[in-house]
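Please treat every number below as a calculation from the coordinates, not as lab data. For clarity, every value in this text was computed on a predicted model and none was experimentally measured. Because the Cβ atoms are built from the backbone with ideal geometry, glycine has one as well, and the counts that use them run over all protein chains shown.
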Amino acid sequence: MEIDKAIRESNDRRLKTKYNNAIYVIQRAFALYAFEEIAFSFNGGKDSTVLLHLLRAGYFLHKERPNYSDGGHTNCEMKCPIRTLYFDSPCAFPEINSFTYETAATYDLQLENFRLDFKSGLEALLRENPIRAIFIGTRIGDPNAVGQEQFSPSSPGWPPFMRVNPILDWSYRDIWAFLLTCKVRYCSLYDQGYTSIGSIFDTVPNALLCISDSSTSKENFRPAYLLPDGRLERAGRVKKLSPLDFGDGPFINGPNNVDAHQTHTFMASVIAVGDEILFGTVEDQLGPSLCRKLHSIGWAVSHIAVVRNDIDSVADEVEHRKSFNDILFIYGGVGPLHSDVSIAGVAKAFGVRLAPNEEFEEHLRHLMCDQYTGDRNEMAQLPEGITELLHHENLLVPLIKCQNVIILSATNVIELEKQWDCLIELTSFSGPLVSMAPFVSKSLMTSLSDVETAQPLSKLCLEFPDLCIGCFRKSRVGPLIINFVGKDQDRIDLALQALCKKFNRGAFSEVKCM
């Protein structure tokens, strides 16, 4: 069977693991339910397309013992005669409808077309033809994925059936790795810059894939599999990329005609875990270093906190910050010691359990060799269903990403430098960070008192709401330093000139180096 053969011949170890886990879920469902009691919900999108071919492979492996000595089955030879539910909508893209019907014909799917909403259609279907389980292409991060597991009963108020989610723990990167590795056909909209497809009224191409042609003023888009950050796959929903789409306080600097992609600011939060920091035993160096690195790629830090080596303390902080849709960095509290509670705290914040991760265990075993015994195996337990391992050839152990939370194992600035560089390189395909225009800054120094400068500075902040204007003194009796930070150098220069005009000439001098 061509799908199973393509995965077996792939060098992508992560994809193989995801594939094997999904096939296990599918075969388990085939063992638990009679084939006529199972259905497949297909909507023509990338996730359900992946699930279709996983079902074909799972059905093949369930029915036959693979034998590739004769060269294997040809493409499309292996059918999967599963009942397939398609909820046709007048708001659907024509390309989605065409792809769905063509795919059904190609693979002999028993397509049952409904022109009702999903819930009403299911109610009508189950009255006539009882179904006990439905395969659904839900992934963690989808709006309806909260609280779901690979086998989840339908929600209260819905018709009773078992939701089977074989690709629940797959990432955007995994979806495209599968489609490209197996060379299967997908909807043509994904080659036109669409990354998450809803209705014709709430879906546009993803602005992060835009290629502007200055000679014609025409916008072209790269294909969906080139999106640099899978976390932003839904950025094309509802409206074009907007600063309001990215959580707590992202903003655009400068005039409206400035390139939006360059002036966007994404937000990050930082959590340090360590009693030793709270007791003042050690000075935190990673937090300031991480903030500077984020600013260097155009990200703003909205929040930084230090919490105790306590699972509940970590969970409470993560629970609070993850709702803001910031990307969240955690460092400290990672390892085999009793005080290493960060990963358990993240799991509790998302309401999932810790479960052994075979892939991560392989890396730890290779790293620790004979020392990897006993309680150290607990280090391989990661939050179930929400964990993505970020691999890089320069890292002995991959970084851990749980939805919008990145867990760093760095314990000093040198280790942070290495992990950061790897994280930035990973952005080229599926990394969590998108490099934007960096922040720029200028500072003025004055001997004026706080009282003299307070009101003019307050008015200046109203005149330049796109800039961050801060004040500080390096010593109690030292000069007042006024710092201007933004992404548009011209706007910063205008703000400096506006401030100087409010006072006598020579009241301020520029600080050349901060």
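If R0 is 30 Å, what FRET efficiency do you get for E358 and R8 from their C-beta distance, rounded to 0.05?
Details: r = 18 Å, r/R0 = 0.58.
So, using R0 = 30 Å, E works out to roughly 0.95.
Three principal axis extents of segment 440-511 based on alpha-carbon atoms, in descending order, are 32, 22, 19 Å.
From zero outward in steps of 5 Å, how is the percent of C-alpha pairs of segment 262-426 spread across the bins? Bin by bin from 0 Å, the calculated values are 2, 8, 18, 22, 22, 17, 8, 2, 1, 0, 0.
Per DSSP H run of at least 4 residues, take -39500 (n - 2.57); add these up for the chain, divide by its residues and hand me the 222 nm value, nearest 500 deg cm²/dmol. Result for the chain, helices only: -10500 deg cm²/dmol.
Evaluated with a Cβ-only charge set (Lys, Arg +1; Asp, Glu -1), segment 262-426 carries a dipole of roughly 440 debye about its Cα centre, given to the nearest 20. Nearest 5 percent is fine: what portion of the DSSP beta bridges confined to the chain is antiparallel? So the antiparallel bridges amount to about 50 percent of the total. Sites counted here are chymotrypsin sites (Phe, Trp or Tyr not before Pro) in a DSSP loop (not H, G, I, E or B) having no more than 11 other Cβ atoms within 10 Å; the longest part of the chain that contains none of them is 280-514.
Which value, in debye to the nearest 20, gives the size of the charge dipole of the chain about its Cα centre, when Lys and Arg are +1 and Asp and Glu are -1 at the Cβ? Working shown, then result.
On the way: 51 positive and 64 negative charges, 184 e Å.
Dipole magnitude for the chain comes out near 880 debye.
Please report the spacing between the Cα centers of segment 310-370 and segment 395-409 in Å, no decimals. Taking the Cα centre of segment 395-409 as reference, the centre of segment 310-370 is 9 Å away. Shown for R365, R173, R8: other C-beta atoms within 10 Å of each C-beta, ranked fewest to most, produce the order R8, R365, R173.
Between S289 and D316, what is 0.36 nm times their sequence separation minus the Cα-Cα distance? Round to one decimal in nm.
Numbers: separation 27, 0.36 × 27 = 9.72 nm, distance 2.44 nm.
Here the segment from S289 to D316 would lengthen by 7.3 nm.
Spacing of the modelled spin labels on I424 and K512, each 7 Å from Cα toward Cβ, amounts to 2.7 nm. Using a simple spin-label model with pseudo-atoms 7 Å out from Cα toward Cβ, N412 and R505 lie 5.4 nm apart.
Comparing L52, L232, G345 along the charge dipole axis of the chain, the residue lying farthest to the positive side is L232, per the Cβ-charge model. As a ratio to 2.2 N^0.38 Å, the alpha-carbon radius of gyration for the chain is 1.13. Measuring between their Cα centroids, segment 121-145 and segment 161-191 lie 18 Å from each other. Note on segment 440-511: with charges restricted to the Cβ of Lys and Arg (+1) and Asp and Glu (-1), its dipole about the Cα centre is near 220 debye.
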